[in-house]
Amino acid sequence: MAAARAVRAAGRRSRRLFDIFVAEVPWTVSSKELREYFSQFGSVQRCQLPFDKDTGFHRRYCWIKFSTPQDVQNVFQKESHILEGAKLALKQQPRRRHSQR
């Protein structure tokens, strides 16, 4: 039980490392297609599209990590993002502060 909680907590912490949360992703869109789409705004370091183990389908949301903050700003300069006829809902993730040791 404690191990499962630790894994979930680690997953939540890792998502803070992403720049953008994307919701309303169509069922037919793959992580490769998301990466290709968002690469027009800058260098995509990572695209995480979680899948449901029971259904085998992705959960219709993902996280995108860009190389620079300017790439993220480029995404939000465009008014709407549409993939396969569906409008994506984007939310910028808060930047995580690096502690100085």
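The values are calculated or read from the model by the stated rules, or taken from the named source; none is laboratory data. Predicted model, so just to flag it, every value in this text is computed and none were measured. As a convention, Cβ positions derive from the backbone with ideal geometry for all residues, glycine included, and neighbour counts pool all protein chains shown. Protein only, heavy atoms only, side chains kept; ligands, DNA and RNA dropped before computing areas. Shrake-Rupley method; radii C 1.70, N 1.55, O 1.52, S 1.80 Å.
Search region 72-101 for residues that are of a type in the set (S, T, N, Q) and pair each with any residue that is at pLDDT 95 or above and open to solvent by 100 Å² or more (accessible area, probe 1.4 Å) when their beta-carbon atoms are under 7 Å apart and the residues are at least 6 apart or on different chains.
Here the result reads Ser80/Lys87, each pair linking region 72-101 to a residue that is at pLDDT 95 or above and open to solvent by 100 Å² or more (accessible area, probe 1.4 Å).
Can you pull out the helices (runs of 4 or more DSSP H) entirely within region 1-79 that have at least 1 residues that are at pLDDT 95 or above?
Passing ranges, in order: 31-38, 69-77.
Scan region 50-73 residue by residue and report those that are touching a Phe, Trp or Tyr at 6+ places or on another chain (Cβ under 8 Å) and farther than 12 Å from Ile20 by Cα.
Pro50, Phe51, Phe57, His58, Arg59, Arg60, listed by residue number.
Pull up region 19-44, narrow it to residues that are open to solvent by less than 70 Å² (accessible area, probe 1.4 Å) and aromatic (Phe, Trp, Tyr), then point me to the one that is nearest to Gln73 (Cα to Cα).
Top of the filtered list is Phe41.
Can you name every residue in region 51-68 that is without any contact (Cβ under 8 Å) to a residue 40 or more places away in the chain and open to solvent by 20 Å² or more (accessible area, probe 1.4 Å)?
Residues satisfying the conditions are Phe51, Asp52, Lys53, Asp54, Thr55, Gly56, Phe57, Arg59, Arg60, Ser67, Thr68.
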